[in-house]
Amino acid sequence: MTIIASLLRAADLPDSPTARLDVELLLAAALGKSRSYLHTWPEKIVSSDAALTFAGYLRRRRAGEPVAYILGQQGFWKLDLEVAPHTLIPRPDTELLVEAALELLPATPARVLDLGTGSGAIALALASERPAWQVTAVDRVLEAVALAERNRQRLHLDNATVLSSHWFSALGGRTFDLIISNPPYIADNDPHLVAGDVRFEPASALVAGRDGLDDLRLITQQAGAYLDAGGWLLLEHGYDQASAVRDLLLRQGFEGVHSRIDLGGHERISLGQRPC
């Protein structure tokens with residue numbers, strides 16, 4: 001017979017800051033229980049089916065596959081989201097975009113656009129916090145559109161809409177009070193693309209040309225036509241790209257251009273306002 005405590009002890013993942021957490025998340029999922037259950041009932045016997053499921057999860061994690069993809073879910077903001085390998089895994093640093101958006105606009109009616117929504121994380125976080133906002137989320141990857149829509153429906157966020165669009169291509173003459181995006185911003189020769197969890201994530205959501213700025217250039221060039229006067233553009237970018245993104249915003253005539261610092265102390269998002 002195998003008990004919970006022995007499975008936790010025997011799990012052998014490569015040493016990392018999250019190794020213990022990874023093991024606990026995988027075992028809890030295999031058991032269909034919470035992490036707290038593992039520590040409350042360490043002597044509980046584990047069924048052979050659950051032990052086999054856990055062993056399969058461990059093999060995938062040892063091969064480097066992210067826990068979020070193994071379990072098909074990831075927490076972001078106050079939401080639990082379905083995730084899949086055709087979208088990025090939502091990360092805590094991206095919550096800085098949500099915080100900034102909530103600060104910029106009041107809780108009164110507003111039109112918000114999330115470009116390249118992926119799992120819908122940013123758009124759905126904003127919709128959940130601001131019921132009076134109408135949030136439009138777009139992505140060019142059809143599987144991502146379907147995934148974001150499943151998350152929207154499961155969370156019952158009727159003030160959000162998910163559309164298929166390559167950036168602004170399907171939006172016609174619509175305008176918004178706020179446009180927000182976490183676009184691809186990694187250079188195509190960046191060594192991080194073949195290391196760690198990132199190598200399992202879709203390149204189309206990561207890579208943006210030789211300097212990582214191709215999509216940021218396009219968005220800053222086109223966003224003005226889709227922003228109302230006084231509207232804001234908020235962009236996530238690489239830890240070393242803030243100066244370049246601020247320059248892109250200034251070249252397009254945005255005002256109040258500045259950057260904000262993430263949890264690691266890096267300038268991670270930049271924003272600017274269309275002149276009134």
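The values are calculated or read from the model by the stated rules, or taken from the named source; none is laboratory data. Worth saying up front: this structure is predicted, and the values here are computed from it rather than measured. Cβ placement follows ideal geometry from the backbone for every residue including glycine, while neighbour counts extend to all protein chains displayed.
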Across the range 38-52, which residue is nearest to Ala11 (Cα to Cα) among those that are touching a residue at least 24 places away in the same chain (Cβ under 8 Å) and surrounded by 13 or more Cβ atoms within 10 Å (Cβ to Cβ)?
Ala51
For the range 81-101, which positions are in contact with an Asp or Glu (Cβ under 7 Å, 6 or more places away or on another chain) and assigned to a helix (DSSP H, G or I)?
Asp93, Thr94, Leu96, Leu97
Tell me which residues, restricted to the range 221-267, are outside any strand (DSSP E or B) and closer than 24 Å to Val135 by Cβ.
Gln221, Gln222, Ala223, Gly224, Ala225, Tyr226, His237, Val245, Leu249, Gln252, Phe254, Asp262
Flagged in the range 1-43 as touching a Leu at 6+ places or on another chain (Cβ under 8 Å), small (Gly, Ala, Ser) and not in a loop (DSSP other than H, G, I, E, B), in numbering order, are Ala19, Ala28, Ala29
In the range 109-147, what count of residues is obtained for those that are touching a Ser or Thr at 6+ places or on another chain (Cβ under 8 Å) and over 22 Å from Gly72 (Cβ atoms)?
10
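I'd like the residue in the range 33-92 that is among the basic types (Lys, Arg) and more than 30 Å from Pro184 (Cα to Cα) and, out of all such residues, is modelled with the lowest pLDDT.
Here the residue is Lys44.
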Members of the range 118-135 that are within 13 Å of Arg150 (Cα to Cα) and among the polar types (S, T, N, Q):
Ser119
Qualifying position, being within 30 Å of Ile261 (Cβ to Cβ), out of contact with any Phe, Trp or Tyr (no Cβ under 7 Å at 6 or more places or on another chain) and surrounded by fewer than 14 Cβ atoms within 10 Å (Cβ to Cβ), among Leu21, Leu88
Leu21
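Residue-wise test of (1) farther than 26 Å from Tyr226 by Cβ; (2) within 11 Å of the chain's Cα centre (by Cα); (3) in the same structural domain as Thr18 (by TED's automatic domain parsing).
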| position | (1), (2), (3) |
| --- | --- |
| Ala68 | yes, no, no |
| Gly75 | yes, yes, no |
| Lys78 | yes, no, no |
| Ile89 | yes, yes, no |
| Pro92 | yes, yes, no |
| Glu99 | no, no, no |
| Leu104 | no, no, no |
| Pro109 | no, no, no |
Restricted to the range 44-80 and to residues being among the aromatic types (Phe, Trp, Tyr) and not in a strand (DSSP E or B), the residue farthest from Leu157 (Cα to Cα) is Phe54
Selection from the range 222-247 of residues surrounded by fewer than 16 Cβ atoms within 10 Å (Cβ to Cβ) and either farther than 22 Å from Ala123 by Cα or of a type in the set (Val, Ile, Thr) (or both) yields Tyr239, Asp240, Ser243, Asp247
Taking the residues in the range 219-276 that are aromatic (Phe, Trp, Tyr) and modelled with pLDDT of 95 or more as candidates, determine which candidate is nearest to Ser169 (Cα to Cα).
Tyr226
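Can you pull out the residues in the range 102-141 that are assigned to a loop (DSSP other than H, G, I, E, B) and crowded, with 24+ Cβ neighbours inside 10 Å?
As a first pass, look at the range 102-141 and keep what is assigned to a loop (DSSP other than H, G, I, E, B): 105-109, 116-120, 130-132, 140-141.
Matches in the range 102-141: Gly116, Thr117, Gly118, Ser119, Gly120.
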Considering Asp177, Asp214, which residue is modelled with pLDDT of 90 or more, surrounded by 15 or more Cβ atoms within 10 Å (Cβ to Cβ), assigned by TED's automatic domain parsing to the domain that holds Asp93 and of a type in the set (D, E, K, R)?
Asp177
I need every pair where a residue in the range 254-269 that is in contact (Cβ under 8 Å) with a residue 60 or more places away in the chain has its Cβ under 7 Å from the Cβ of a residue that is in a strand (DSSP E or B) and among the hydroxyl-bearing types (Ser, Thr, Tyr), sequence separation at least 6 or different chains.
Ile269/Ser259
